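The values are calculated or read from the model by the stated rules, or taken from the named source; none is laboratory data. All figures in this text were calculated on a predicted structure; none of them were measured in a lab. No Cβ is skipped: glycine too gets one built from the backbone with ideal geometry, and neighbour counts run over all protein chains shown. Just the protein is used for accessible areas: all its heavy atoms, side chains included, with ligands, DNA and RNA removed. Shrake-Rupley method; radii C 1.70, N 1.55, O 1.52, S 1.80 Å.
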Amino acid sequence: MGPIIVLLWHSLFIVGMFLNGINCQVNGWINAHATFYGANQNPTTLGGACGYDNTFHAGFGVHTAALSGALFRNGEACGACYQLMCDYKADPKWCIRRAVVTITATNFCPSNNNGGWCNPPRHHFDMSMPAFLRIARQGNEGIVPVIYRRVPCKRRGGVHFTLRGQSNFNLIMISNVGGSGDIKAAWVRGSRTRSWVSMNRNWGANWQSNIDLRSQTLSFKLTLVDGKTLQLFNVVPSTWRFGQTFSSSNQF
C-alpha cells in the first residue's frame, strides 16, 4: 500500500469517526457539544440524577452540567470536573473566543428516540445557563460545539457527608470531593464497628449501608475513579441525627 493510499485511508477513517459520533481527542481535548437547561430555574437546584439537594450546599456553585450517558457512567461521574471551551473555529458566530469554564457533573441527560444529542455514543453537556453563557453567546439555537477535558476538582474545605435514612438503613450523600471528584468505592466505620463496612452506590452520589450506626462516631474511606484512596477519621460525632451534614478536616 503506497503512502498516498495510506494517507487517503487515514483521512476517510477520521471522517468516518465523526460521522458515526465517535469523539476524537487532540492534545488532551475531546470534541463534544453543549446545550443549556434550567433557564427559568434557580441554578443551585440542578442536582438532578446525582441527588445533590443544592449545588452550593454540595460545594459546587452554579457551574454544573448534566452529562450524556456515554459520560455519566450510571452515576459514577457525579462530582467529576470538566473544563469546557466553545469551539470558536467551528462556530465563530456563537462561541466566545478563548473563553473557558470548569463545570461539575451533577445530573444526567437522558437519551431519546429522535436521535437526540445525549444519545450514545455522543459526548454531550447540558449545562446550567450561567455556565453556558461563560463560553457561548445567548440567542442561538441553544447548541454549540465544544472541546473538553477532565481536570482536578478544586474544593474549599473538606468532603461533605449528608446523613439520611432510618434505623439500620443509612443513605449518605457524599459531596465536595476534591481530586478527580468521582467516587469509585466507599466504606463507613462506626466507633463500635471492628472493620470498614463497604457501602453500595444507591443512586448518583448517594451511598447505602445496612447496619445500625446510630450513637456512633463515624469515619469514612473513599476511593476515587483515579485510584486515590483517603481515610477520613471521626468525621461525624456520636450525637449525629439523620438530615445533618458534616465535613471532614482533610481533602483529596
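Could you check the stretch 183-201 and list, in sequence order, the residues that are within 24 Å of C81 (Cβ to Cβ) and either of a type in the set (K, R) or not in a strand (DSSP E or B) (or both)?
K184, R201
From the residues in the stretch 106-118 that are at pLDDT 95 or above and under 18 Å from N31 (Cβ atoms), which one is surrounded by the fewest Cβ atoms within 10 Å (Cβ to Cβ)?
Checked the stretch 106-118; the qualifying residue surrounded by the fewest Cβ atoms within 10 Å (Cβ to Cβ) is C118.
Across the stretch 202-218, what is the total count of residues that are touching a residue at least 40 places away in the same chain (Cβ under 8 Å), open to solvent by 30 Å² or more (accessible area, probe 1.4 Å) and not in a strand (DSSP E or B)?
The total comes to 4.
If I go through the stretch 231-252 residue by residue, how many of them are without any contact (Cβ under 8 Å) to a residue 40 or more places away in the chain and either under 25 Å from G75 (Cα atoms) or among the β-branched types (V, I, T) (or both)?
Residues meeting the conditions: 2.
Each row is one residue, and each column tells you yes or no for (1) modelled with pLDDT under 75; (2) out of contact with any helix residue (DSSP H, G or I) (no Cβ under 8 Å at 6 or more places or on another chain); (3) open to solvent by 30 Å² or more (accessible area, probe 1.4 Å).
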| position | (1), (2), (3) |
| --- | --- |
| G16 | yes, yes, no |
| A32 | no, yes, no |
| N40 | no, yes, yes |
| A65 | no, no, no |
| R73 | no, yes, yes |
| C86 | no, yes, no |
| K93 | no, yes, yes |
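Let me spell it out: the conditions are (1) open to solvent by 10 Å² or more (accessible area, probe 1.4 Å); (2) part of a loop (DSSP other than H, G, I, E, B), and G158 meets all of them except one. Which number is the exception?
In the conditions (1) open to solvent by 10 Å² or more (accessible area, probe 1.4 Å); (2) part of a loop (DSSP other than H, G, I, E, B), G158 misses (1) alone.
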